Structure formats: C-alpha cells, structure tokens
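Only one structure is covered here, and it is reproduced in the block below.
The values are calculated or read from the model by the stated rules, or taken from the named source; none is laboratory data. Nothing here was measured: the structure is a model prediction, and the numbers come from that model. Reconstructed Cβ throughout: ideal geometry from the backbone, glycine too, with neighbour counts over all protein chains shown. Each accessible area value is taken on the protein alone, full model and side chains, heavy atoms only, with ligands, DNA and RNA left out. Shrake-Rupley method; radii C 1.70, N 1.55, O 1.52, S 1.80 Å.
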Amino acid sequence: MIQPAEVVLSSDGIPFSAVFDDVYHTADGGLGQALHVFLAGNGLPQRWQGRDAFTILETGFGLGLNFLVTWQAWRCDPLRSRRLHFISVEKFPFLPQDLQRLHAAWPQFSSLSADLVKAWPPLSGGRHDLFLDEGSVQLTLLLGDAREQFPLLEAQADAVYLDGFAPSKNPDMWSLPIFEQLYRLAVPGCTLATWSVAGMVRNGLKQAGFAVCKTQGFGGKRQMLKGYREKS
Ligand SMILES: C[S@@+](CC[C@H](N)C(=O)[O-])C[C@H]1O[C@@H](n2cnc3c(N)ncnc32)[C@H](O)[C@@H]1O
C-alpha cells in the first residue's frame, strides 16, 4: 500500500517531511538548485540537443520540481531532443491536490503543473507511465521503495539526478545497492549530479563504478558532486 506524503511546511515555509526530518529543497531555492545542480551538473540542456531521445533517472520525485524545471527547459530549447523520458521513484507520493497547492509557489510552471496534476496516477504501487506535451514527454513514476523498484526497471539513462533527502537522514537512498542499480541503468557516458558531497556518497558511487568529482555548489553549499559512467 502506498502512503501519500503529508504537506508540512518548515519554519521557513519550505515543504518538509516529518518522516525523514528533512526539507524537500534547500532554503536557497529549489528552482535555482534544480538549474545549477541537476541540469547544469549533467551538462543540460546541451547534452540533449540534436538527440532523438534523452532519458533522465531521478531518485525521489517529491514535489516534482526538478521534473517541472527540466520539462520547461527542454520545451524552451529549440535544439531539444525529439523526446524526453524522465523516470523517477517515490515511496511517499503527494496527492494531486497537494501537488497543485505546493506548485503554486512557482507560478511560472502553472500550465505544466496543471498538465501533470491532470495526468497524476492513482497511488498504487509500481510503474505508472504518464504521457505529456502531446506524447513527446514521458514521465515514468515508480511508486514504492527505490530498493524494490529499481531492480524491476529496464532503462538506458543518459543522466541521473540524485535527490533523496540528506544521506545522514536517509542512508538507504544513498546505499551501494541503489548506486549499483543506477550504474546498471546508466548508458556508457551517462552523467550524474547531486548537491551532496558526503563521503558515503562519493565512495559508494565509486564502488558502483562511477567516476566522481567535486565542483562548485549552489547557494550556501560550497561544493556539489558530478560524475559519469565511463564510455568503455
Ligand atoms: C528531497 S525529496 C526530492 C525532491 C524532488 N526531486 C523534487 O524535485 O521535488 C526526496 C524524496 O525521496 C523520497 N524517498 C525517500 N526515500 C525513498 C525510498 N527509499 N524510495 C523511494 N523514494 C524515497 C521522499 O519521499 C522524497 O519525496
């Protein structure tokens, strides 16, 4: 049974999870974080330009803010790939009316948010494929625990967004079995990015086979992590 996420706000007004005792995005701004860490950290939009299809795999759909920012950047790019496939896993999905309420903080995404909310699936466990933007954007939502959902997935990811709450608060989402699944699902040359530079993240990713390096972080965070799967 899938338990929906509850809407709770931190004292700064940021969506907060009482289950994980952590905020859904940095106080410096979820939109800026998405652009700097997840898009730029994966060489986007450039890497999807001229391609037939481009696949992004995310750990933790949460508010769907990374998805909305990515979708918007993709549709504004005249050189975009013909199709965009965004795959994300979520153990505690929001109810559609809560997503709609939370997305009101970013009015620039109101039309995309409305389309997403309209297509939102029933909260039953497993894979749900949503076709958006006249079918050129596919959102695959894996509802359930990443440790159970990823082994069932077949995908060829070109980029990975690692966004599963702080590793200290949610170590399962940053564990070797998850990193090994991400490596299995990554094409050679696939990139990854995350705001965390924790030792367990760097070492786990390396152990799974990824090359990683630190680079300039977003907002108050001095550093972030980028990585890739070797081409051969
Ligand atoms: C920081 S939030 C993600 C924010 C999101 N990427 C966005 O753009 O709004 C982390 C998410 O990971 C989910 N999560 C945590 N542990 C999980 C697990 N083991 N399996 C699947 N989802 C998990 C949480 O419920 C939460 O929604």
Amide H within-cut-off set for A166, under 5 Å, with H built and near neighbours excluded: none
Whats the longest run of the chain with zero GluC sites (Glu not before Pro) that are DSSP loop and have at most 16 other Cβ atoms within 10 Å? 7-153
Quick one: Debye curve from the alpha-carbon atoms of the chain only, equal weights, vacuum; give me log10 I(q)/I(0) at q = 0.10, 0.11 Å⁻¹ to two decimals. -0.41, -0.50
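Share of antiparallel DSSP beta bridges in region 1-101, in percent to the nearest 5? Present the calculation step by step, with values, prior to reporting the outcome.
Numbers: 4 of 11 bridges.
Within region 1-101, antiparallel bridges account for around 35 percent of the total.
Take every DSSP beta bridge whose two residues both sit in the chain, then give the antiparallel share in percent to the nearest 5.
Working: 21 of 43 bridges.
For the chain, the DSSP antiparallel bridge percentage is about 50.
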One finds the C-alpha centres of region 151-185 and region 106-126 to be spaced, in Å, by 23
Which percent, nearest 5, of DSSP beta bridges in region 138-229 are antiparallel? 70
Using modelled backbone amide H atoms (1.01 Å from N, in-plane), which distant-in-sequence or interchain residues come within less than 5 Å of D22's amide H? S17
Please go through region 176-232 and write out the trypsin sites (Lys or Arg not before Pro) that DSSP classes as loop and that have at most 13 other C-beta atoms within 10 Å. R222, K231
Ignoring ligands, DNA and RNA, what accessible area per residue does region 176-232 give at 1.4 Å, in Å²? 50
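Restricting to DSSP H runs of at least four residues, report the calculated mean residue ellipticity at 222 nm for the chain, -39500 (n - 2.57) per run over all residues, nearest 500 deg cm²/dmol. Walk me through the intermediate numbers first.
On the way: 7 runs with 57 residues, N = 232.
Mean residue ellipticity, 222 nm, calculated: -6500 deg cm²/dmol.
Considering only protein heavy atoms and a 1.4 Å probe, what is the carbon-and-sulfur percentage of the accessible area of the chain? Could the numbers behind the result be given before it?
Values: 5330 of 10440 Å².
Looking at the chain in its full context, I get 51 percent from C and S.
Over region 1-136, average the accessible area per residue using a 1.4 Å probe and give it in Å², no decimals. Write down the numbers at each step before the final one.
Working: 6230 Å² over 136 residues.
Using a 1.4 Å probe on heavy atoms only, each residue of region 1-136 averages 46 Å².
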